[in-house]
1. Could you tell me which numbered condition Cys101 fails, if it satisfies all but one of (1) free of Cβ contacts under 8 Å to residues at least 60 places away in the same chain; (2) open to solvent by 60 Å² or more (accessible area, probe 1.4 Å)?
2. So which residues in segment 48-65 are farther than 15 Å from Leu7 by Cβ and open to solvent by 50 Å² or more (accessible area, probe 1.4 Å), if there are any at all?
3. Mind checking which residues of segment 1-47 are under 12 Å from Val91 (Cβ atoms) and either at pLDDT below 95 or open to solvent by 50 Å² or more (accessible area, probe 1.4 Å) (or both)?
4. Which residue pairs have Cβ atoms closer than 6 Å, lie 6 or more positions apart in sequence or on different chains, and pair a first residue in segment 42-62 that is within 18 Å of Phe19 (Cα to Cα) with a second residue that is outside any loop (DSSP other than H, G, I, E, B) and open to solvent by 60 Å² or more (accessible area, probe 1.4 Å)?
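The values are calculated or read from the model by the stated rules, or taken from the named source; none is laboratory data. Note that the coordinates shown come from a computational prediction; the quantities given were computed from them, not determined experimentally. Methodologically, a virtual Cβ is constructed for each residue, glycine included, from the backbone with ideal geometry; neighbour enumeration extends over all protein chains shown. Only protein heavy atoms, including side chains, enter the accessible area calculation; ligands, DNA and RNA are left aside. Shrake-Rupley method; radii C 1.70, N 1.55, O 1.52, S 1.80 Å.
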Amino acid sequence: MPAGHGLRARTRDLFARPFRKKGYIPLTTYLRTFHIGDYVDVKVNGAVHKGMPHKFYHGRTGKVWNVAKRAIGVEVNKQVGNRIIKKRIHVRVEHVQPSRCTEEFRLRKVKNDELKAEAKKNGQIISAKRQPEGPKPGFMVEGATLETVTPIPYDVVNDLKGGY
């Protein structure tokens, strides 16, 4: 039989609920608030069929552009041919979770503000820019002994006899 090309083709494992995560959906899923401009991850919950996005969007990160009663409007980039299109999709809240993609940036911002306040108090000027790690420092190898390796001469006559 030929392979199917349906809407949910090849999603047996993709939309399956994780191990020990089957059953009821926690209330935090429904009580979470989303604001326009938030980054969210589209993660399909296979138990909820309504408002389910296409399998392409599963695992994608997008930006919230609309908040409705039960759904979230998410803007996701999609590569089509040689261009990237911003696709706007509506997804139910069960299939969306807040993204952690800006977490490191927000923590760094708070840390930099603290460093700048400390430097200002001391009357110094510091740079809060990230710097590349740079090369590792060199070192001398000590206690190493040199050993000269020479090849054993290949004897054709003894090799044909089977001995050495």
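1. (1)
2. Gly59, Arg60, Thr61, Lys63, Trp65
3. Within segment 1-47, Lys43 is the sole residue that qualifies.
4. Lys43/Gln97
So that you can scan it fast, the table gives a plain yes or no per residue for (1) open to solvent by 100 Å² or more (accessible area, probe 1.4 Å); (2) in contact (Cβ under 8 Å) with a residue 24 or more places away in the chain; (3) within 25 Å of Ile36 (Cα to Cα):
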site: Ala68; (1), (2), (3): no, no, yes
site: Val76; (1), (2), (3): no, yes, yes
site: His95; (1), (2), (3): no, yes, yes
site: Phe105; (1), (2), (3): yes, no, yes
site: Arg108; (1), (2), (3): no, no, yes
site: Lys111; (1), (2), (3): yes, no, no
site: Lys120; (1), (2), (3): yes, no, no
site: Glu133; (1), (2), (3): yes, no, no
site: Tyr154; (1), (2), (3): yes, no, no
